[in-house]
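Colleague: Structure provided below as structure tokens; questions to follow.
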Amino acid sequence: MEKISTKKAPMAIGPYSQAIKAGGFVFCSGQIAIDPKTNEFKTGTIIEETTRVIENLKAVLEQANSGLEKTI
């Protein structure tokens, strides 16, 4: 198992990792609309908040040498 961590996504705010890579899979923790540059919650429309969440997830997956195109 490998712990995945990137500064391009918000750091975990509890006793968990952004993701774990194991057995050829990447297991990501839940993401919320926090801007990793400011550590502030991105409030706005559902589209704006969802976009921030997807960008966070994308950053975590890229750190694990994966990507959104490989998610199920």
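The values are calculated or read from the model by the stated rules, or taken from the named source; none is laboratory data. The model shown is predicted, which means the values in this text are computed figures rather than measured ones. Neighbour counts run over all protein chains shown; Cβ positions are idealised from the backbone, glycine included.
Colleague: Being over 10 Å from the mean Cα position of the chain (by Cα) and over 14 Å from L61 (Cβ atoms) is the filter here, so list the residues in the stretch 10-23 that pass it.
Modeller: Of everything in the stretch 10-23, those that are over 10 Å from the mean Cα position of the chain (by Cα) and over 14 Å from L61 (Cβ atoms) turn out to be I13, G14, P15, Y16, A22, G23.
Colleague: Here's another thing I want to ask about it. When the stretch 40-72 is examined, which residues are found to be without any contact (Cβ under 8 Å) to a residue 40 or more places away in the chain and small (G, A, S)?
Modeller: Once the filter is applied, which keeps residues that are without any contact (Cβ under 8 Å) to a residue 40 or more places away in the chain and small (G, A, S), the stretch 40-72 yields G44, G67.
Colleague: Looking at the stretch 22-34 only, could you name the residues that are of a type outside the set (A, V, I, L, M) and either modelled with pLDDT of 95 or more or within 18 Å of K70 (Cβ to Cβ) (or both)? Working first, answer last.
Modeller: Here is the first cut: in the stretch 22-34, the ones of a type outside the set (A, V, I, L, M) are 23-25, 27-31.
Matches in the stretch 22-34: G23, G24, F25, F27, C28, S29, Q31.
Colleague: Within the stretch 59-72, work out how many residues are surrounded by fewer than 16 Cβ atoms within 10 Å (Cβ to Cβ) and in a helix (DSSP H, G or I).
Modeller: Residues in the stretch 59-72 being surrounded by fewer than 16 Cβ atoms within 10 Å (Cβ to Cβ) and in a helix (DSSP H, G or I): 4 in total.
Colleague: Here's something else I'd like to know. Output the number of residues of the stretch 22-35 satisfying the condition of being of a type in the set (A, V, I, L, M) and part of a loop (DSSP other than H, G, I, E, B).
Modeller: 2
Table: residues versus (1) modelled with pLDDT of 95 or more; (2) within 16 Å of G67 (Cβ to Cβ); (3) in a loop (DSSP other than H, G, I, E, B); (4) in contact with a helix residue (DSSP H, G or I) (Cβ under 7 Å, 6 or more places away or on another chain).
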| position | (1), (2), (3), (4) |
| --- | --- |
| K8 | yes, yes, yes, yes |
| G14 | no, no, yes, no |
| I20 | yes, no, no, no |
| K37 | no, no, yes, no |
| I47 | yes, no, no, no |
| V53 | yes, yes, no, no |
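Colleague: Within the set of pairs 6+ apart or on separate chains, which have a first residue in the stretch 14-39 that is surrounded by fewer than 13 Cβ atoms within 10 Å (Cβ to Cβ), a second that is hydroxyl-bearing (S, T, Y) and assigned to a loop (DSSP other than H, G, I, E, B), and C-beta atoms under 7 Å apart?
Modeller: From the stretch 14-39, the pairs are Y16/S29.
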